[in-house]
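Everything on this sheet refers to the single structure shown next.
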Amino acid sequence: MWRRPTAAALRGTGLKPSHYKEPLVCVWPDCWAAIELYLRYQTQWIQGPNGPSGLNYVVLFKDLDRLGVEDEEHEEIMDYIRIIEAEALAKIYE
């Protein structure tokens, strides 16, 4: 998720927040639940000897259960999470 850097974060670089244009990203409404779930738990990667190997699904499942997400929606969200996870791993290891 992109956020414009603050003036404090850019102090000493000669750059200003106005130098950063917000990227245009379109997210389909049926993907929002997965995006929000991933953003809440984007630090929950299982680490192997060669780096991250995948997300810790136990944490994700617990949150989906806590939110009362039903079976069909649960599977749909997890399908999207698996796509996000695969793309993140591809980017990490490129």
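The values are calculated or read from the model by the stated rules, or taken from the named source; none is laboratory data. Here the structure is a predicted model, which means the values were calculated and not measured. Backbone-built Cβ (ideal geometry, glycine too); neighbour counts: all protein chains shown.
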**Prompt:** If you go through region 68-86 one residue at a time, do you hit one that is touching a residue at least 12 places away in the same chain (Cβ under 8 Å), touching a Gly at 6+ places or on another chain (Cβ under 7 Å) and closer than 24 Å to Arg3 by Cα?
**Reply:** yes
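From the list Leu89, Leu39, Leu64, Leu60, which residue is touching a His at 6+ places or on another chain (Cβ under 7 Å) and without any contact (Cβ under 8 Å) to a residue 40 or more places away in the chain?
Details: Leu89 fails: touching a His at 6+ places or on another chain (Cβ under 7 Å); Leu39 fails: touching a His at 6+ places or on another chain (Cβ under 7 Å); Leu60 fails: touching a His at 6+ places or on another chain (Cβ under 7 Å).
After ruling out the rest, the residue left standing is Leu64.
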**Asked** Can you find even one residue in region 10-23 that is in a loop (DSSP other than H, G, I, E, B) and either within 13 Å of the chain's Cα centre (by Cα) or surrounded by 15 or more Cβ atoms within 10 Å (Cβ to Cβ) (or both)?
**Response** no
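Inside region 52-63, can you point out the residues that are in a helix (DSSP H, G or I) and of a type in the set (Ser, Thr, Tyr)?
Step one: of region 52-63, the residues in a helix (DSSP H, G or I) are 57-63.
Scanning region 52-63 gives a single hit, Tyr57.
Of the residues that sit in region 64-94 and are of a type outside the set (A, V, I, L, M, F, W, C), part of a helix (DSSP H, G or I) and exposed (fewer than 13 other Cβ atoms within 10 Å of the Cβ), which one is modelled with the lowest pLDDT? Outline the logic, then answer.
Within region 64-94, the subset of a type outside the set (A, V, I, L, M, F, W, C) is 65-66, 68, 70-76, 79-80, 82, 85, 87, 91, 93-94.
Of the ones still in play, those that are also part of a helix (DSSP H, G or I) are 65-66, 71-76, 79-80, 82, 85, 87, 91.
Keeping just the survivors that are exposed (fewer than 13 other Cβ atoms within 10 Å of the Cβ) gives 65-66, 71-72, 75, 79, 87, 91.
Numbers: Asp65: 95, Arg66: 94, Asp71: 92, Glu72: 93, Glu75: 95, Asp79: 96, Glu87: 93, Lys91: 89.
Applying the filter and picking the extreme gives Lys91.
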**Asked** Just wondering, is there one or more residues in region 50-59 that are surrounded by 10 or more Cβ atoms within 10 Å (Cβ to Cβ) and more than 17 Å from the chain's Cα centre (by Cα)?
**Response** yes
**Prompt:** Taking region 20-38 as the search range and keeping residues that are farther than 20 Å from Glu87 by Cβ and out of contact with any Pro (no Cβ under 9 Å at 6 or more places or on another chain), which one is modelled with the highest pLDDT?
**Reply:** Lys21
**Item:** Within region 27-51, tally of residues that are assigned to a loop (DSSP other than H, G, I, E, B) and β-branched (Val, Ile, Thr)
**Value:** 2
